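Have a look at the structure below, then the notes.
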Amino acid sequence: MSVTIDRDNCIGCENCVSICPVGALYMVDGKADVKEDDCINCGACISECPVNVISLGDSVEDSKTEEVLGANTGKEKDLWVFAETDNGEPIQVVYELLAETAILAKKSGQRCGAVLLTKDAGNVPQKLIAAGADVVYVVTGQEYAFYNTDCYTNAFCELIKKYQPSAILVGATVDGRDLGPRIAARMNTGLCADCTALDIEGKIVYWTRPALGGNILATILCEERSPQMGTVRPKVFKPAVPDMERTGEIVVFEIQNKVENRGELLRNDPVVETSAMKIDEAEMICSGGRGLGCQDNFKMLENLAQLLGGAVGGSRAVVDEGWIDHPHQVGQSGKTVTPKIYFAFGISGSVQHLAGMSKSDIIIAINKDENAPIFEHAHYGIVGDALVVLPKLIEKIRAIKES
Amino acid sequence: MNIIVCVKQVPDTAEIKIDPVTNTLIRDGVQSIMNPYDKYALEMALELKDSMGAKVTVLTMGPPQAMAILKDSIAMGADDVALISDRAFAGSDTLATSQAMVAAVKKVGDFDLILCGKQAIDGDTAQVGPEMAEHLHLPQVTGATKIVIEDGRVLVDRDNETTVQTIAIPLPALVTVARSEKEPRFASIKGKMKARKMEIPTWSAADMNLDVNIIGLKWSPTKVAKVFTPPAPEIISEIFHEEDLQVAVDKLVEKLLAAKIIVR
């Protein structure tokens, strides 16, 4: 699928060539042309063209929409958050999503709902209300003690059919990303994966997410089907301060058509936690990249981290080299971290790495290449060999701490 | 045992760079590869074939050049392949893609297990596998790190957020794969020869009895409204560039102390 260009009327201004995010437009004989295989039909060029000679490859008309399962009727109302639990307690991302969803709900004149599937609700509904929910739908039963695809999908879809929310937000956790597509497929609706920014206009949610390894961002809409759905990356939004005075409605719901869980959970062992695994909670992280040269030099990083009371992280390159284990990896294919202070030693700052740490409050970069992309994101930095700087820095800080 | 493996051809996203002047993607010289997670899924299927005997069929949806990864699959040891390719599929989102893939699975017919990579590294959605499982009413486990077939069930190890799990589901089933125990094997000489000679079948929408009105961009619930490169952050930064690195360290620490980033 690609855009089409009316070359006869092209004036050769090249505006479209420079806006194209995938480099699919180019000039031939002073006029724009499109590489059909590269074009992703995003339409970014269309608004740039001063003479309106570019059009989408396929006109999007949906005369059949009314007959479609999941078609948006316009009556759907409210934004829901899946209140994923661990041992009966909502996980962190639930509070993050409730805070953001409450904002979107207020802006669009809807309510912020939370869906709680659990063995025993306890005081969790009150906690969800304190965190921003206006209404909590509670389904209880032994079959919800642990997440399982079958019972969770079934219960969620029954709630959707009964109460018809306009949008559903699910944390992009391991289980959230198991559940989301299952619900979307059953409801015949769209799901936007792993979003990092949200907005709303009318009742239409603007889901923004990284693609191509974080190289580009795409804003996705689901205007014709319902509910609109998205999974949202943890650590993107900040939870609200709980307000125990807040009031809300609690709806206890009985599932009419129960299903059997076809899966049997044979083992569910806690991962042995090392201090390093805590990097997603640490307020201070010292990360190393290929610039540290070898595995032994990570000991210096550990020394600095210890001195400052932080954790040790690494780039994908050093994890691939085996210098440090995967739980320490920061970036697109590792962990997203938001510490107060992030030290990057010998890390050049690929887009994949930046995707995992650029939201840190203060970034301090040490790299011998003054053109390394990490410096564009750094608040402080030193241009120089990380292996020379690191021991000097440790010595200096130790002297200060001991003085 | 019949295993279907679903694979996707993707650009090697680790190789993509941004042109600092035009702020657009530099795609020249970026290789197309088999999505790494799909390759782990194929390796898992081939290990089952080695240990208990299985017919491994590999399916991909994409443009004609995606045939390359089907040839790679044959060279690694797959028995059969098909390319699902039709201009009408262009612009498909995950839901529309899952529907086309399900039509292809139905055309293959008999299967006990479908394996997919847990996600593709270009879109990173992790959705097509579970959506296929839903359309086929199959039990699923996502993010497998090990699978064992036992008494008509598949036992799947997976990493959850804070736990390691083993989940058993009855066959037929769909499992998405995070990694294989062994690194994916290299192509054998014999496999490469077989791949070279093999005619790769291409299935169009019509070949799979799909109505062209309910596929592709038009039938996809999600639409891309805007694509943009991430805005450069506006940061006032102090980068020390000194001949003597001790001087740079001293200056940095002084700043960090003043900003209370380091406390005495």
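Identify, please: which residue in the range B:200-224 is within 10 Å of chain A (Cβ to nearest Cβ) and surrounded by fewer than 17 Cβ atoms within 10 Å (Cβ to Cβ) and is, among those, nearest to the chain's Cα centre (by Cα)? Don't jump to the end; show me each part of the working.
Keep residues of the range B:200-224 that are within 10 Å of chain A (Cβ to nearest Cβ), which gives B:213-214, B:216-224.
Those still in the list that are surrounded by fewer than 17 Cβ atoms within 10 Å (Cβ to Cβ) too: B:213-214.
Working: B:ASN213: 27, B:ILE214: 24 Å.
Among those residues, the one meeting the criterion is B:ILE214.
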**OP:** From (1) part of a loop (DSSP other than H, G, I, E, B); (2) modelled with pLDDT of 85 or more, pick out the condition that doesn't hold for A:VAL94.
**Re:** (1)
Original post:
Does B:LYS197 fit the bill of being over 24 Å from the mean Cα position of the chain (by Cα), at positive phi and free of Cβ contacts under 8 Å to residues at least 60 places away in the same chain?
Top reply: no
**OP:** Go through (1) more than 9 Å from chain B (Cβ to nearest Cβ); (2) more than 16 Å from A:ARG290 (Cβ to Cβ) and name the single condition A:LEU387 misses.
**Re:** (2)
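Of all residues in the range A:210-232, which are out of contact with any helix residue (DSSP H, G or I) (no Cβ under 7 Å at 6 or more places or on another chain) and among the aliphatic types (A, V, I, L, M)?
Narrowing the range A:210-232 to residues out of contact with any helix residue (DSSP H, G or I) (no Cβ under 7 Å at 6 or more places or on another chain): A:211, A:216-223, A:225-226, A:228, A:230.
Across the range A:210-232, the qualifying residues are A:ALA211, A:ILE216, A:LEU217, A:ALA218, A:ILE220, A:LEU221.
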Original post:
Got a number for residues in the range B:110-120 being open to solvent by less than 30 Å² (accessible area, probe 1.4 Å) and modelled with pLDDT of 95 or more?
Top reply: 5
Original post:
So A:ASP33 clears everything in (1) open to solvent by 60 Å² or more (accessible area, probe 1.4 Å); (2) within 26 Å of B:ASP122 (Cα to Cα); (3) in contact with a helix residue (DSSP H, G or I) (Cβ under 9 Å, 6 or more places away or on another chain) except one condition, right? Which one?
Top reply: (1)
**OP:** Please state which one of A:ASP86, A:ASP29 is within 9 Å of chain B (Cβ to nearest Cβ), more than 30 Å from B:ILE214 (Cα to Cα) and modelled with pLDDT of 85 or more.
**Re:** A:ASP86
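Would you check which residues across the range B:240-253 are under 24 Å from A:LYS359 (Cα atoms) and open to solvent by 60 Å² or more (accessible area, probe 1.4 Å) and list them? Outline the logic, then answer.
As a first pass, look at the range B:240-253 and keep what is under 24 Å from A:LYS359 (Cα atoms): B:240, B:252-253.
The answer is none; no residue qualifies.
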**OP:** State whether the residues of the range B:169-187 include one that is of a type outside the set (Lys, Arg), more than 30 Å from A:LEU266 (Cα to Cα) and either under 24 Å from the mean Cα position of the chain (by Cα) or open to solvent by 50 Å² or more (accessible area, probe 1.4 Å) (or both).
**Re:** yes
Original post:
Since A:ARG209 meets every condition but one in (1) more than 12 Å from every other protein chain (Cβ to nearest Cβ); (2) without any contact (Cβ under 8 Å) to a residue 40 or more places away in the chain, which condition does it not meet?
Top reply: (1)
**OP:** Output the number of residues of the range B:225-249 satisfying the condition of being among the charged types (D, E, K, R) and at the interface with chain A (Cβ under 7 Å from one of its Cβ atoms).
**Re:** 2
Subject >> Verdict on A:ARG186 being under 20 Å from B:ASP159 (Cα atoms), basic (Lys, Arg) and within 12 Å of chain B (Cβ to nearest Cβ) >> reply: no
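Quick check, is B:THR163 facing another protein chain (nearest Cβ under 10 Å), closer than 29 Å to A:GLN332 by Cβ, over 20 Å from the mean Cα position of the chain (by Cα) and open to solvent by less than 40 Å² (accessible area, probe 1.4 Å)?
On the way: facing another protein chain (nearest Cβ under 10 Å): yes; closer than 29 Å to A:GLN332 by Cβ: yes; over 20 Å from the mean Cα position of the chain (by Cα): yes; open to solvent by less than 40 Å² (accessible area, probe 1.4 Å): yes.
The answer is yes for B:THR163.
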Original post:
Any idea how many residues of the range B:163-198 are at pLDDT below 95 and in a strand (DSSP E or B)?
Top reply: 2
Subject >> Residue count for the range A:5-20, restricted to those that are on the phi < 0 side of the Ramachandran plot and within 13 Å of chain B (Cβ to nearest Cβ) >> reply: 6
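Residue-by-condition table, conditions (1) polar (S, T, N, Q); (2) open to solvent by 10 Å² or more (accessible area, probe 1.4 Å); (3) farther than 28 Å from B:ILE167 by Cβ:
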residue	(1), (2), (3)
A:ILE103	no, yes, yes
A:LYS107	no, yes, yes
A:GLN110	yes, yes, yes
A:ALA172	no, yes, no
A:ALA184	no, no, no
A:ILE204	no, yes, yes
Subject >> Counted residues, the range B:36-60 - those being in contact (Cβ under 8 Å) with a residue 40 or more places away in the chain and either in a helix (DSSP H, G or I) or of a type in the set (Ser, Thr, Tyr) (or both) >> reply: 17
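Just to be sure, is B:SER73 in a helix (DSSP H, G or I), without any contact (Cβ under 8 Å) to a residue 60 or more places away in the chain and among the hydroxyl-bearing types (Ser, Thr, Tyr)?
Numbers: in a helix (DSSP H, G or I): yes; without any contact (Cβ under 8 Å) to a residue 60 or more places away in the chain: no; among the hydroxyl-bearing types (Ser, Thr, Tyr): yes.
So B:SER73 does not fit the description; no.
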Original post:
A:VAL351 versus (1) within 9 Å of chain B (Cβ to nearest Cβ); (2) more than 14 Å from A:SER315 (Cα to Cα); (3) of a type in the set (Val, Ile, Thr): which is the lone unmet condition?
Top reply: (2)
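Give the residues of the range A:192-202 that are open to solvent by less than 10 Å² (accessible area, probe 1.4 Å) and under 13 Å from the mean Cα position of the chain (by Cα), sorted by residue number. Steps first, answer last, please.
From the range A:192-202, those open to solvent by less than 10 Å² (accessible area, probe 1.4 Å) are A:192-193, A:195, A:200; that's our starting set.
Selection gives A:CYS192, A:ALA193, A:CYS195.
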Original post:
What do you reckon, is A:LYS278 in a helix (DSSP H, G or I) and either without any contact (Cβ under 8 Å) to a residue 60 or more places away in the chain or among the charged types (D, E, K, R) (or both)?
Top reply: yes
Original post:
Scanning for something open to solvent by 20 Å² or more (accessible area, probe 1.4 Å) and within 7 Å of another protein chain (Cβ to nearest Cβ), does the range B:128-135 turn up at least one residue?
Top reply: yes
**OP:** Kindly establish whether A:ARG177 is under 22 Å from B:THR176 (Cα atoms), among the basic types (Lys, Arg), touching a Cys at 6+ places or on another chain (Cβ under 9 Å) and open to solvent by 10 Å² or more (accessible area, probe 1.4 Å).
**Re:** no
Original post:
open to solvent by less than 50 Å² (accessible area, probe 1.4 Å), of a type outside the set (A, V, I, L, M, F, W, C) and modelled with pLDDT of 95 or more: does that describe B:GLY123?
Top reply: no
**OP:** Find the residue count for the range A:96-119, including only residues that are of a type in the set (Ser, Thr, Tyr) and farther than 19 Å from A:PHE156 by Cα.
**Re:** 1
**OP:** Please work out if A:ALA378 is of a type in the set (A, V, I, L, M) and more than 9 Å from chain B (Cβ to nearest Cβ).
**Re:** no
Original post:
What number of residues within the range A:162-200 satisfy the criterion of being touching a residue at least 40 places away in the same chain (Cβ under 8 Å) and of a type in the set (Asp, Glu)?
Top reply: 2
Original post:
Would you call B:ASP72 away from every other protein chain (no Cβ under 14 Å), modelled with pLDDT of 95 or more and surrounded by fewer than 20 Cβ atoms within 10 Å (Cβ to Cβ)?
Top reply: no
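The values are calculated or read from the model by the stated rules, or taken from the named source; none is laboratory data. What you are looking at is a predicted structure, and each value in this text was computed from that prediction instead of being measured. Using ideal geometry, Cβ is built from the backbone for each residue, glycine included, and neighbour counts are taken over all protein chains shown. Just the protein is used for accessible areas: all its heavy atoms, side chains included, with ligands, DNA and RNA removed. Shrake-Rupley method; radii C 1.70, N 1.55, O 1.52, S 1.80 Å.
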